Each structure stands twice: as C-alpha cells, then as structure tokens.
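Bear in mind that the values in this text are calculations on the coordinates, not laboratory data. Bear in mind the structure is a predicted one, so any value in this text is a computation, not a measurement. As a convention, Cβ positions derive from the backbone with ideal geometry for all residues, glycine included, and neighbour counts pool all protein chains shown.
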Amino acid sequence: MSKFTRLFLCCAAFLLLTTPGFTASISVPVSSSSTTSTPDEKTVSSALDEYNSLSRREKKSRMRDVKKLLKEQKADKAAGKKADDNTILLAILAILLPPLAVYLKEDAITTHFWISLILTLLFWLPGVIYAMLVVFDVI
C-alpha cells in the first residue's frame with residue numbers, strides 16, 4: 001500500500017470517528033457486477049469476432065498500436081510518473097486538507113505549500129482551488 005493510500009485511509013478514519021452524525025449516514029451499495037474483473041462472455045466473443053473479421057493489414061496496424069501504447073506505459077512507469085490512484089487520493093485530500101495535499105505532491109515544503117497554507121487559513125475555497133491546481137500540475 002502506498003503512502004498516499006495509508007495517509008488517506010488514516011484521514012478518512014479520523015474524520016469518520018470524530019464526526020458522530022456522519023458515521024450513521026454512510027451506506028455504500030455494493031453490486032456483484034462491480035466486483036468481478038472478467039468481462040461478459042458475449043462481449044469477449046463479439047470482440048474476437050470483430051478482430052477476426054479484420055484484414056491482415058488492419059490486424060498488424062492494431063498490434064503495432066498496442067505495442068506502442070505498451071512501450072509508452074513502460075516508459076512512464078520507469079520515469080516515475082505517479083499512478084492515477086495517487087492523483088485521485090491527492091485530489092480528495094486537496095478538498096479536505098489542501099496544504100497536506102500540496103506537501104505530499106511536492107514531497108517537500110516549497111513555496112506552493114506556503115501559498116496553499118496561507119490561502120487555506122485566510123479563505124478556505126481559494127486554498128482548495130490552489131491545491132487542486134498544484135495536484136493536477138497546472139501550476
């Protein structure tokens with residue numbers, strides 16, 4: 001489990017435990033279709049039929065595209081780009097505690113952190129907006 005996931009879970013648990021009215025109102029429906037990771041048999045068979053109906057040239061071009069995407073993904077992973085789940089957790093944390101999200105994104109106390117802290121202490125919403133801009137690499 002990454003440090004962002006652990007930190008988010010700790011913050012969420014703290015918020016849930018310290019807010020008594022909030023804990024009673026949480027109910028998340030779990031559907032059986034969202035827990036399965038295998039696609040439907042009809043979907044797989046239709047995709048295979050579509051692929052088999054392609055010409056040899058189209059099949060080769062699609063395979064080249066897939067290989068190109070895999071190379072890009074491996075290069076991004078080797079370059080140390082953060083995963084999407086970390087970005088989502090940072091975005092949620094930017095709403096709850098903007099300076100902490102900026103600190104975790106930057107991995108140090110920088111000017112972005114101080115600006116976010118001042119904006120959050122003075123006016124909450126500008127602090128949240130600024131933290132979101134830092135988390136999504138706009139600034």
Note to self: Are there any chymotrypsin sites (Phe, Trp or Tyr not before Pro) in region 33-125 that are in a DSSP loop and have at most 13 other Cβ atoms within 10 Å? List them by number.
What the structure shows: Phe123
Next item on the list: May I ask you to evaluate 6.51 cos²θ - 1.76 cosθ + 1.60, the Karplus curve with θ = phi - 60°, for each residue of region 40-50 and list the ³J(HN,Hα) values in order in whole Hz, giving x for glycine and proline?
Entry: 5, 5, 5, 5, 5, 5, 5, 5, 5, 4, 5
Item checked: Residues Asp84 and Glu41, FRET efficiency given R0 of 35 Å [Cβ-Cβ distance, rounded to 0.05] -> 0.80
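Beta carbons within 10 angstrom, averaged per residue: use that to sort the peptides 55-67, 87-99, highest first.
Final packing ranking: 87-99, 55-67.
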